[in-house]
Amino acid sequence: SILMSNQSKESKFTAQNRICMSIRYCMHLSWVTSKIYTVLELLLSVLLTILPFATLYLSKSVLDQLVDQSNGVAMVVNSIIGMTLIGVLSTVLRQGLNCIQTVHGELMQFHIQEGIVRKSMTMDMEFFDSSDYLDAMQAVKNNAAGLPGSMWNILACINCSISAVYSF
């Protein structure tokens, strides 16, 4: 029982370690591929996470002004215009982020494919006669397609964490 418990703890630690290494690799790959796109993605992701809280604040302001009724209609209209502008800004930023993610994903794919080609050029020709090697190389190419998606999922987790912190 104690042995099983220790093995379970070790396997959990190993799985967590692998997840951390994967996240680190994806972030490194993203950074190496394009520093500018990585920074833009992070900034836009954080902005898009914060903007709904600005809308919430303005909504609260509208309700407070409607209840108070001492500030007049102008303050309510200004708050509603602010909420509309935040909504438009959020839509524009989200579309910009989608474009950046698409271009960055393509750059990451190109970087990975370039690495595979470079590695293949340094290998002996006998490796290319091996079906095991060709299967492994095809698996790497297929799995490489999922790396940009993993990167976006990591950013989504970061966004959720930021949202959780701001919600309290």
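The values are calculated or read from the model by the stated rules, or taken from the named source; none is laboratory data. Computed from a predicted model, the values in this text were never measured in an experiment. So basically every Cβ, Gly included, is an ideal-geometry build from the backbone, and we count neighbours across all protein chains shown. In case anyone asks, the SASA skips ligands and DNA or RNA and just uses the protein heavy atoms, side chains included. Shrake-Rupley method; radii C 1.70, N 1.55, O 1.52, S 1.80 Å.
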- Taking the residues in region 149-164 that are open to solvent by less than 40 Å² (accessible area, probe 1.4 Å) and under 9 Å from the mean Cα position of the chain (by Cα) as candidates, determine which candidate is modelled with the highest pLDDT. G149
- Item | Pair list, Cβ under 8 Å, 6 or more apart: region 50-70 residue more than 25 Å from I162 (Cβ to Cβ) and open to solvent by 60 Å² or more (accessible area, probe 1.4 Å), other residue at pLDDT 80 or above and part of a loop (DSSP other than H, G, I, E, B) | none
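Would you call R94 open to solvent by 80 Å² or more (accessible area, probe 1.4 Å) and within 17 Å of the chain's Cα centre (by Cα)?
Numbers: open to solvent by 80 Å² or more (accessible area, probe 1.4 Å): yes; within 17 Å of the chain's Cα centre (by Cα): yes.
Yes, satisfied.
Does L85 satisfy being open to solvent by 90 Å² or more (accessible area, probe 1.4 Å) and either closer than 17 Å to I154 by Cβ or within 30 Å of the chain's Cα centre (by Cα) (or both)? Break it down into steps so the answer makes sense when it comes.
Working: open to solvent by 90 Å² or more (accessible area, probe 1.4 Å): yes; either closer than 17 Å to I154 by Cβ or within 30 Å of the chain's Cα centre (by Cα) (or both): yes.
Answer is yes for this residue.
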- Message: Between a residue in region 145-167 that is more than 11 Å from C26 (Cβ to Cβ) and any residue that is crowded, with 16+ Cβ neighbours inside 10 Å, which pairs come within a Cβ distance under 6 Å, given they are 6 or more apart or on different chains?
- Response: N159/S45; N159/T49; I162/T49; S163/T49
- With the condition kept exactly as written, say whether any residue in region 76-85 is β-branched (V, I, T) and in contact with a Leu (Cβ under 7 Å, 6 or more places away or on another chain). yes
